[in-house]
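The values are calculated or read from the model by the stated rules, or taken from the named source; none is laboratory data. Predicted model only: the values in this text are computed from it and were never measured. Cβ placement follows ideal geometry from the backbone for every residue including glycine, while neighbour counts extend to all protein chains displayed. Heads up: the accessible areas ignore ligands, DNA and RNA and are worked out on the full protein's heavy atoms, side chains in. Shrake-Rupley method; radii C 1.70, N 1.55, O 1.52, S 1.80 Å.
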Amino acid sequence: MFKKLIEAYRNRYYIEPVDLADSAETNRLHLIFISPFLFLFGIINLVVFLILYRHELSEHFITFFYYGIIIVLSLYMYLHSLFVKNAAREKAYCLKTIPFNIGFLIFLATGILAIIDNQPFNGLITCALTNIIALCIFSFSPLFFLVSQIIVICLIAGCIYDAFELTGLLNVILTAFLMFCMALYKCRTEKKIIMLLKKQKQNLEAKTFGTFTLLYNNSVIKFSRTKSEELLAYLIFKNGSSVKTKELITALYGKNADSSRYGASLRNLIVDIKHTLSELDIQNFFVTEYNNFRINPEVVKCDYYDFLADDSNAKKNFTGEFMSKFEWAQETTEFLKLKLIRK
């Protein structure tokens, strides 16, 4: 019975970590965006707290500890997310989601501390907001979510019963159960999308050996602007890593290119790419988030990616040229030659 339950869960909800590499990059960008706000929130509240209660710190130690944890945690989230930007796709989900997992558990812990410290309302609000933000913004394992909710309920059940009696405790349990159901639904939806995108991969192909060509259903994809193709080629070369506006402008227009001057040109290229891909119904290939741009390698066949994965056919097809039209590809060409010789 237990084995059948595990098998049913894996079939419906389990997603291989490598298939979550793009979701992990989204998690990383969300953390980079959110962590500065958390840091400011912690700093401002800590300063106000120290001003108001500077003579009574021992009586409000948990509150002082709470804001200090937020400051340290937000710094950790930001720095960790910066350092794992170029993590290998096989390890990306684990490495890029670690700060979320730690932050999620710590915020739940602060809610528990507030409840134990006779602040049940504030503690429940903290736990509820933590759960809601996690469900709305991040990709993570439903089992991880379930275990965290069980631990929280076990730790706060007595305090909640004392504060809100049996009906309050039952409401907390029901809310946690409903949120777990939402986590399952979200995971199931993500898995369905990933399966659909894998089918798209059979028709979308990037050829990088020699000159760069992007094909869909064996037909070359043509863009309205000549630089649009180079922009996508550069992102394919980056293999799923996010690229900021300044780096893209440098790659496309040269090291001395002025961001303010070429910013409008870049925006036009982005509009052209989105419009062209939309007309072909190509989904989740070109991703834009928080002024960061990337492609999702899981939805495109690419000889370059196969080469990096030590595919024998890809190595045979490499004739010493890699995206030969683009200057920024020259160093990678030499790298591929050396890799081929060493093997």
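Miscellaneous remarks
- The one condition in (1) over 16 Å from A134 (Cα atoms); (2) part of a helix (DSSP H, G or I) that T110 fails to fulfil: (1)
- Scanning the stretch 24-38 turns up one or more residues that are among the charged types (D, E, K, R), part of a helix (DSSP H, G or I), touching a helix residue (DSSP H, G or I) at 6+ places or on another chain (Cβ under 8 Å) and open to solvent by less than 80 Å² (accessible area, probe 1.4 Å).
- Here F49 meets the list (1) at pLDDT below 85; (2) of a type in the set (F, W, Y); (3) under 19 Å from T126 (Cβ atoms); (4) open to solvent by 50 Å² or more (accessible area, probe 1.4 Å) almost entirely, failing just condition (4).
Residue by residue, here is whether (1) at pLDDT below 85; (2) under 29 Å from the mean Cα position of the chain (by Cα); (3) open to solvent by 70 Å² or more (accessible area, probe 1.4 Å) holds:
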{"position": "L266", "(1), (2), (3)": "no, yes, no"}
{"position": "P297", "(1), (2), (3)": "no, yes, no"}
{"position": "C302", "(1), (2), (3)": "no, yes, no"}
{"position": "F307", "(1), (2), (3)": "no, yes, no"}
{"position": "N317", "(1), (2), (3)": "no, no, yes"}
{"position": "G320", "(1), (2), (3)": "no, no, no"}
{"position": "K337", "(1), (2), (3)": "yes, no, yes"}
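- Identity of the residue in the stretch 193-230, part of a helix (DSSP H, G or I) and touching a strand residue (DSSP E or B) at 6+ places or on another chain (Cβ under 8 Å), that ends up nearest to P297 (Cα to Cα): K201
- Here Y262 fulfils each of the conditions (1) of a type outside the set (D, E); (2) more than 29 Å from K192 (Cα to Cα); (3) surrounded by 17 or more Cβ atoms within 10 Å (Cβ to Cβ); (4) modelled with pLDDT of 90 or more apart from (4).
- When the stretch 123-145 is filtered for residues that are more than 21 Å from the chain's Cα centre (by Cα) and open to solvent by 40 Å² or more (accessible area, probe 1.4 Å), the ones remaining, listed by number, are L124, I125.
- Qualifying residue in the stretch 323-332 (condition: closer than 26 Å to Q202 by Cβ, outside any helix (DSSP H, G or I) and not hydrophobic (A, V, I, L, M, F, W, C)): no
- Top-ranked residue in the stretch 168-195 [being free of Cβ contacts under 8 Å to residues at least 60 places away in the same chain and farther than 21 Å from T126 by Cβ; ranked as surrounded by the most Cβ atoms within 10 Å (Cβ to Cβ)]: K186
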